[in-house]
1. Starting at the first residue of region 249-262, write each ³J(HN,Hα) from the Karplus equation 6.51 cos²θ - 1.76 cosθ + 1.60 with θ = phi - 60°, in whole Hz, x for Gly and Pro.
2. Compute the longest continuous run of the chain that contains no exposed chymotrypsin sites (Phe, Trp or Tyr not before Pro); treat a site as exposed when its DSSP state is not H, G, I, E or B and it has at most 16 other Cβ atoms within 10 Å.
3. So which of Lys320/Lys349; Lys360/Lys586; Lys99/Lys444; Lys320/Lys585 end up more than 32 Å apart, counting from Cα to Cα?
4. Assign one of three labels to region 352-407, namely rounded, prolate or oblate, based on the Cα gyration tensor with a ≥ b ≥ c the square roots of its eigenvalues; rounded applies when a/c is under 1.5, prolate when it is not and a/b is larger than b/c, and oblate otherwise.
5. For a quick check of your reading of the filter: which trypsin sites (Lys or Arg not before Pro) in region 265-358 sit in a DSSP loop and have no more than 12 other Cβ atoms within 10 Å?
6. What is region 420-511 by shape, rounded, prolate or oblate, if you read a ≥ b ≥ c off the alpha carbon gyration tensor as root eigenvalues and call it rounded for a/c under 1.5, prolate for a/b larger than b/c, and oblate otherwise?
7. Rounded to a whole number, what % of the accessible area of region 253-321 do carbon and sulfur atoms account for, probe 1.4 Å?
8. What number, rounded to the nearest 500 deg cm²/dmol, is the helix-based mean residue ellipticity at 222 nm of the chain, given -39500 (n - 2.57) per DSSP H run of at least four residues and division by all its residues?
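The values are calculated or read from the model by the stated rules, or taken from the named source; none is laboratory data. Since the structure is predicted, the reported quantities are computational estimates derived from the model, not experimental observations. Every residue, glycine as well, gets a Cβ built from its backbone with ideal geometry; the counts of neighbours run over all protein chains shown. The area values use the complete protein model at the heavy-atom level, side chains included, leaving out ligands, DNA and RNA. Shrake-Rupley method; radii C 1.70, N 1.55, O 1.52, S 1.80 Å.
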Amino acid sequence: MSRTRSVASSALGINRRTVLAATAAVTVSGGVGYALRPTDSRAATNAAGTRAEGAPIAQSRSAPAAPLAPYTRGTTLASVAAPRTGSGYRRLGDGPGWKRRLRVELAAPKTGRAGRRTTLAAFVQLTDLHLIDAQHPMRLEYLRSADVHAWRPHEALTVHGAVSLVERVNALRGAPVTGAPLHFAMTTGDNTDNNAKTELEWFLTVMSGGRITPDSGDPRRYEGVQNSGLKQYWQPDASVRDTDKQLGFPQLDGFLAAAVRELNSPGLNLPWYSTVGNHDSLPLGCYGHGDSWLAQYAIGGKKLMSVSASEAKKLQDAIKNARDPQGTAFRDFLKAHVRDMRSITPDEKRAPYTAADYLKAHLDPAYRGVGPVGHGYSSANVDAGTQYYSFRIADDVIGISLDTTDAGGHYNGSIGTAQLKWLDKTLRDNKDSYAVVFSHHTSKSMTNTRPDPARPGERRHTGQEVVALLGGHAGVLAWVNGHIHRNDITPHSAPDGRSFWEISTASHVDYPQLARVIELVDNKDGTLSIFTTCIESTAPHRTDFSDLSQTGLAALYRELSYNAPGARTDLAGESKDRNTELVLKKG
């Protein structure tokens, strides 16, 4: 297959490569992705590489000089948060880093490749931030009476954790293995948690920069389960002996007031793109839109905080088994418990948002940050009612962002025939480029083929069908996704020898709270390598219970997530799913 020169190895000239990558010695944010066609994105450059009309070219805000490569500082190669006490509520500290694993299932590595390799692209993946409006009426905290993991003690601090992760990306001095400039960041869905306008505003501000007050309802006080007096939830400001305090959780006077006060995000200092997830698209990540009673409940002045374990189990089973994808039974459940609800302050900003709202918010100049305009989405998406797009990462690499949420309801995904055909055509039209595909769902979690209410006659396609399609295109290098909240890297090979890697990354809401740097390199020996390096936020591993500053709360966010009752202990994955070199044959 004919390929153009890699970004890192090419000389700088007055062309689009100048926009895409500055030299490693000059800037971290060496490039801005541009659309394959101007209709695909308002961030497009034209064929001559000059700036398209109305399309600002993003620049780094404060890009530090790139380091001598390789380097480990600020990555999980150097250190990972780990428990330093042995029982009960466990305090965190600096733990040993994770070594890099070589994976050869798809190709045999050749000696001397480190001295030959050139960089094709380098970028950061953030996934499953789950920014949570912790006081929202639609939340399902009361399921904790049946499943202790159904509510997390750290949910009021998701914004603080996300800002700290942005700070980590900004502090990276290039790609850890090659030292190449980082071209962009991609969020692979579940950026918000409950399809609420409050959460969408917070997400866009975290990514693009600005001041955020992670509060809703009464601006003078927190109104949620954590000052309810109910013992099934951690009551940080009260002396009540709740179930979490019985496990060693601390009493932290002033915690809730600190959690909802204003904080500042610097915004990413490199271009960022957005991929949609089920929690972005659907209320609670599982219910279809259209029920007017639920929409009014979301902005209203009542909140259910406690139900019996048997009722909680029944509702949880209905969600898991997709027995109520449109939320009809959920609405009836809430109506039956109106007398059990507590009064809170109504807030119209908690309203659910539509797909069109999501797109228009990304296109809002207030959230442009470094760019690109729309963060991948364009007015063409608004007009067509689609949330998938393609963009140019480098001269010889394209990015493809899919929408794998099924609007028919349920948390697992699929894609429609129109999108599947578009994906195939995009890859065929760019057969001389390598491709990285982004989505929220993994191939194994795309099992929900319920019809989309807006396109009832269109067939839905599973993850295995997408794997088969991608395996038919020699240029596909990787499918990068999230959803499962666990590090997992899977090789996919087709009978004719074509192959790609599926890279799933842990969330930033459940411990170990990670993101991932991904580097694509040409080994100049008939093979390619994909390097993956996990990163944590900048928050210190050690916490100080007296420190309720923005940084102190971000550190506490991590420690609380580690100690969350019922939290899974396998989300970091095995060593082969973390820091890796993934080898594959050159197509």
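1. 4, x, 8, 10, 4, x, 4, 5, 5, 5, 5, 9, 7, 5
2. Longest gap between qualifying sites, sites excluded: 90-544.
3. Lys360/Lys586; Lys320/Lys585
4. Here region 352-407 falls in the oblate category.
5. In loop regions of region 265-358 (DSSP not H, G, I, E or B), the sparsely surrounded trypsin sites (Lys or Arg not before Pro) are Arg323.
6. Cα axes put region 420-511 in the oblate bin.
7. The C+S portion of the solvent-accessible surface of region 253-321 is 53 percent.
8. When only DSSP H runs of four or more count, the value is -6000 deg cm²/dmol.
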